[in-house]
């Protein structure tokens, strides 16, 4: 997908990663619409990007999340891609995490992103690229992060299934399994204290890699073992 001139919805644009992705897209010539939870940051970010369309979303309003792609397509005159960066962390032993925390983690990290992307599938024509940030924990669940890891794994599994369903239609589905980044994300957890975490990967380099993955129609972005991330363009074989 050529980013220059493309029309892209970024959901989660009031977060550090989402804001950086939206800014990077605009710098590469894309027309963007942004959505996020914090109204103050959303308005400021939209203004900083030149007055792009902006919509506040609530992860618990799943119908509103599902309507987001239609709103963006209307504002942009069509929609070529949707990038979802919504997420929240929680830490602590699995047997001590309260049910409301687990529900919140699954709603924000799985149900809301799925609702946004499911809504995009109903837009005609369907956006050519659907992407979501899952995280390396989707494939390597971590201790003290049971709910967070499993919620991200659920989102990753949904992406894999949709990729198989839409392969014949040419829809690209990108699973961005990002490593620990220098965003302060862990310090904003809704519960618990982070366990020892690996050295963070630079945000700017990772966002650049994500944008390049979008432009090259990659299906997976994952840590490469050398302190960065690498895109994979091979489609998984259907089972």
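The values are calculated or read from the model by the stated rules, or taken from the named source; none is laboratory data. The model shown is predicted, which means the values in this text are computed figures rather than measured ones. Counting neighbours? That spans all protein chains shown, and the Cβs are built from the backbone with ideal geometry, glycine included.
Just a few scattered comments:
- The residues listed here are 179, 125; of these, the one that is out of contact with any helix residue (DSSP H, G or I) (no Cβ under 9 Å at 6 or more places or on another chain), within 24 Å of residue 111 (Cα to Cα) and either free of Cβ contacts under 8 Å to residues at least 40 places away in the same chain or not in a helix (DSSP H, G or I) (or both) is 125.
- Considering only residues in segment 56-75 that are touching a strand residue (DSSP E or B) at 6+ places or on another chain (Cβ under 6 Å) and either within 13 Å of residue 22 (Cβ to Cβ) or in a loop (DSSP other than H, G, I, E, B) (or both), the one that is modelled with the lowest pLDDT turns out to be 57.
- Candidate set from segment 74-106 (those that are more than 20 Å from residue 15 (Cβ to Cβ), touching a helix residue (DSSP H, G or I) at 6+ places or on another chain (Cβ under 9 Å) and touching a residue at least 60 places away in the same chain (Cβ under 8 Å)); member that is surrounded by the most Cβ atoms within 10 Å (Cβ to Cβ): 79
- Scanning segment 195-207 for residues that are surrounded by 15 or more Cβ atoms within 10 Å (Cβ to Cβ) and not in a strand (DSSP E or B) yields a count of 4.
- Some residue of segment 145-168 being farther than 21 Å from residue 206 by Cα and not in a helix (DSSP H, G or I): yes
- Within segment 58-69, the set of residues being surrounded by fewer than 15 Cβ atoms within 10 Å (Cβ to Cβ) and touching a helix residue (DSSP H, G or I) at 6+ places or on another chain (Cβ under 7 Å) comprises 58, 60.
- Any hit, segment 134-154, residues being crowded, with 22+ Cβ neighbours inside 10 Å, modelled with pLDDT of 95 or more and under 28 Å from residue 77 (Cα atoms): no
- Subset of segment 161-176 [under 26 Å from residue 24 (Cα atoms) and in contact (Cβ under 8 Å) with a residue 60 or more places away in the chain]: 163, 172
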